[in-house]
Structure formats: structure tokens, C-alpha cells
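The values are calculated or read from the model by the stated rules, or taken from the named source; none is laboratory data. Everything numeric in this text was worked out from a predicted model, so none of it was measured. Heavy atoms of the whole protein, side chains included, go into the accessibility calculation; ligands, DNA and RNA do not. Shrake-Rupley method; radii C 1.70, N 1.55, O 1.52, S 1.80 Å.
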Amino acid sequence: MKLTLSVIKADVGSIGGHLRPSKRLLQTVEDYVREKGKDLFLDLYVSHTGDDIALLMTHKRGVGNADLHEMAWKAFLAGTRVARQQGLYGAGQDLLVDSFSGNVRGMGPAVAEMEIEERPGEAFLFFAADKTDPGAYNLPLYLAFADAMNSPGLLLSPKMGLGFRFVVMDVSPGEADRVIDLETPEEIYDLAALLRDPERYVVESVWSRASGEQAVAVSTSRLHNIAGKYTGKDDPVMLVRAQMDFPATGEILAPYHVGPFVAGAMRGSHQMPLMPVKLLSPVSFFDGPPIVSCAAFSVRDGRLTEPVDVFDHPFWDAVRSRLSDKSAEMRRQGFFGAAMLPMSELEYTGITERLGRLDRRFKRRREISPAAAIAASGEKIVS
Ligand code: F6R
Ligand code: MG
Ligand code: MG
């Protein structure tokens with residue numbers, strides 16, 4: 001049976017800054033979807049990760065369905081009204097346009113969707129991250145789908161051994177929807193060369209080369225590209241199918257013990273480790289560290305089981321403890337060097353204005369030499 005898995009998520013307001021939505025806000029969004037969407041979806045799971053609310057829906061309408069997207073948009077609008085009533089911070093902040101026009105993609109909310117042929121024993125994972133951007137999934141996906149040191153299935157399973165096709169998007173401003181297909185294992189170094197720059201290149205989807213089936217869908221939206229200015233971190237969601245032709249659940253989860261430094265945390269402008277957390281976790285230390293939650297599901301005829309909270313396990317307590325130390329270590333160097341993002345990724349323009357003011361106060365000590373002047377102008381020196 002053909003089944004669509006859709007996740008649509010937005011931050012429409014949160015308590016005490018950017019910590020988590022109120023219970024009333026979450027309930028309002030869920031009630032709206034259950035009431036107005038009951039003829040649209042087969043099953044629904046509503047959750048929050050930090051300040052972001054995510055709607056996971058199963059249905060048969062295919063990806064980018066206008067009715068489903070409009071219903072989700074209106075649910076977030078209903079939530080925004082409650083957020084305003086309660087005085088929540090950032091009410092409606094991810095609803096970047098005034099009116100809905102066919103598809104929430106490009107309007108602020110993050111979307112990850114895939115249409116699948118439901119397998120007997122269909123297992124999938126729903127990830128949601130807060131205080132970071134979509135490139136945060138680059139390394140875990142590379143390790144799970146392309147690195148035999150992480151995923152023994154690449155050696156042991158004949159189908160996984162045929163490798164995967166990665167679709168990577170260039171998310172620079174003005175470059176939306178510029179994508180490249182790369183096949184592993186042959187093009188593994190080309191893939192690594194792109195994924196090392198998570199602010200520019202983002203894995204959008206991964207496909208099995210054995211079956212042609214889609215394994216992964218990531219929300220790739222960069223809010224600053226949509227709004228034309230910085231409006232907060234994108235806080236990406238992701239769906240990953242597990243087992244059989246795809247990596248085992250444990251192979252998909254294992255990379256999260258690394259806790260790589262990713263963009264985000266305080267004012268969306270720092271580098272901090274990506275910490276795997278329990279479902280429904282708020283954010284705390286230094287408006288971070290960036291967090292990622294994961295709910296594992298099985299699904300039959302579009303009906304979801306209850307979620308398993310995969311990062312709620314003693315193993316991950318030890319990882320969290322190590323990553324707390326790693327976070328504090330980075331924070332010790334404050335604004336300096338690698339602790340803060342490069343100018344192009346800072347969420348605020350204040351620093352650009354400050355540097356502009358300072359630049360005008362710089363004084364030249366001596367005249368620039370003729371050779372240096374020519375070199376600076378780009379002309380060749382002929383001797
Ligand atoms: C993401 C998030 C951050 C903020 C950023 C700016 O969930 O909350 O990316 O958008 O910290 O926040 P303020 O509103 O404090 O400027
Ligand atoms: Mg926020
Ligand atoms: Mg958020």
C-alpha cells in the first residue's frame with residue numbers, strides 16, 4: 001500500500017523565551033488538527049522539541065498535498081492566537097507570510113515528507129532538532145548510510161552493500177532548489193567534500209540503490225532565505241526508514257553519540273554540540289545546547305504504534321553528560337574564534353553595524369607601496 005508520511009513543524013511561540021510551547025498552545029494545535037484534519041490523515045502524532053511543535057501525519061494524499069498543508073498552516077495560526085493571548089515569546093514567528101498559497105514549504109514551517117510503499121514491518125524514525133539548522137543531520141546521515149565503521153550493514157547486507165544515493169541541496173541564499181545526486185560508495189569523497197560545510201550543503205533525501213526506495217527526507221528550509229533576513233534557526237525535522245534495505249535502527253542512532261559542533265544555540269549564532277535528548281525536552285543552558293529528539297514507530301495500514309523514545313536510555317545519559325562538558329568547554333571561550341559562527345551566519349546585524357563604525361575609525365600609518373596598490377587592484381606587474 002502506498003502511504004505518505006508528512007511532518008510539518010513550526011515555532012509559533014514559547015514560554016520564558018525560546019524554551020518550550022505552553023501546554024495550552026500544544027493542545028490547541030492538536031485539537032485543531034484532530035477536528036479539521038480528520039478526513040485528511042490516517043493517524044497523527046503531535047509533539048514538541050524545545051520551542052517547536054511538530055505534526056507527524058500518515059495519509060494517502062502524496063507529498064505536498066495542498067489540503068493537508070493548509071490545514072496544518074491554519075492549526076499553527078490557531079496556535080498563534082493562543083500564544084498571543086498567553087503572551088508567549090515569538091508568537092507566530094515561523095509563519096513568515098500573510099496568507100497561505102498552496103504549500104507550506106517556503107512559507108516558514110519546516111516540512112519533511114515521503115511517499116512509501118509500506119513494507120510488512122515498516123519501521124521508521126522521526127527526528128526533530130531545536131536551536132540548529134538542517135545541516136546538523138549531515139554527519140549522522142553520512143555515518144549511518146555511507147560509513148562501514150558505523151554501519152556494519154554496509155558489509156553484511158547485500159542490498160545495503162549496493163550503497164545509497166544522496167540528494168544534496170545548496171542552501172545558499174538565492175540558490176534554493178539547486179541539488180546534486182551523489183552515489184555511495186563510489187562518490188564518497190565528493191559527498192564528504194560537500195557535507196563538511198553544513199551551512200551551505202544539506203542532505204535533502206537518501207535513496208536505496210538496491211530498491212530505488214526512499215530512506216530519508218529532511219526539511220531543508222533556511223528561514224533567512226525565505227524571509228530575506230535572519231529570523232531564527234530553522235530547527236529541522238527528518239524522517240528515516242529503518243531495517244531491511246536500510247540501515248538498522250541502531251546504525252541510524254549510533255552517530256548521535258558523537259555530538260558534533262553544529263550552528264545554533266544562543267541567538268542562533270554559536271557552535272555547540274548536538275545533544276540527543278528525550279522526547280518533549282525543553283532547552284536550557286545558553287539557549288541550547290542544540291538538541292535532537294527521536295521517536296521510533298512501526299506503522300501498519302497507516303496506523304502508528306505508540307512512539308519509542310529512543311534517547312531515553314542509560315546509554316544516552318552518559319552521552320549527555322559528556323556533551324554537557326563539551327558544551328561548557330566551548331562556552332569557556334565566549335565570543336572568541338570557533339565558539340561563534342562566521343559573519344555570514346550570525347543572526348543579528350548589530351555586529352555588522354559595529355564593525356562598519358570601527359572600520360571608518362581605522363587610520364592608515366603610511367602610504368601603501370605602489371606594488372601593493374597594483375596587486376590590490378588585480379593588475380599584473382610587468383618587470
Ligand atoms: C530557535 C531559536 C533561536 C532564536 C534566536 C534569536 O528555536 O529560538 O534561533 O530564534 O536565538 O532569538 P531572539 O528572539 O532572542 O533574538
Ligand atoms: Mg525559537
Ligand atoms: Mg526552535
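Which lysines, if any, have their Cα less than 26 Å from the Cα of Lys278, not counting same-chain residues under 8 positions apart?
Lys9, Lys23, Lys131, Lys233, Lys326
In whole percent, what relative contact order does the chain give with Cα contacts below 8 Å and a gap of six or more residues?
On the way: 824 pairs, mean separation 67.7, N = 383.
Computed over the chain, the figure is 18 percent.
What's the carbon and sulfur percent of region 1-59's accessible surface, probe 1.4 angstrom, rounded to a whole number?
C and S fraction of accessible area: 51 percent.
Heads up, I need the accessible area for Ile15: 1.4 angstrom probe, whole protein in place, Å², nearest 10.
70 Å²
Stretch Arg84-Ser369 to full length: gain in nm at 0.36 nm per residue minus the Cα-Cα span?
Additional length available on full extension: 96.5 nm.
Can you give me the P(r) profile for the chain? Cα pairs, bins 20 angstrom wide beginning at 0, each as a whole percent.
Result returned by the calculation: 28, 55, 14, 3, 0.
Of Lys60, Lys159, which has the most accessible area and how do the rest follow, probe 1.4 Å? List each step's numbers first, then the result.
Numbers: Lys60 125, Lys159 105 Å².
Ranked list, largest accessible area first: Lys60, Lys159.
Give the accessible surface of the chain per residue, rounded to a whole number of Å², with probe radius 1.4 Å and ligands, DNA and RNA excluded. Don't skip to the answer; put the middle values down first.
Details: 17820 Å² over 383 residues.
Roughly 47 Å² per residue, with all protein chains present.
Taking a 1.4 Å probe, which of Ile116, Ile188, Ile368 shows the most accessible area, and what order do the others take after it?
Order by accessible area, largest first: Ile368, Ile188, Ile116.
Run the 1.4 Å probe and let me know the accessible area of Leu19, rounded to the nearest 10 Å².
Counting only protein heavy atoms, the figure is 60 Å².
Determine the calculated [θ] at 222 nm for the chain from helices alone, applying -39500 (n - 2.57) to every DSSP H run no shorter than 4 residues and normalising by the residue count; nearest 500 deg cm²/dmol.
Taking each H run of at least 4 residues, the total per residue is -8000 deg cm²/dmol.
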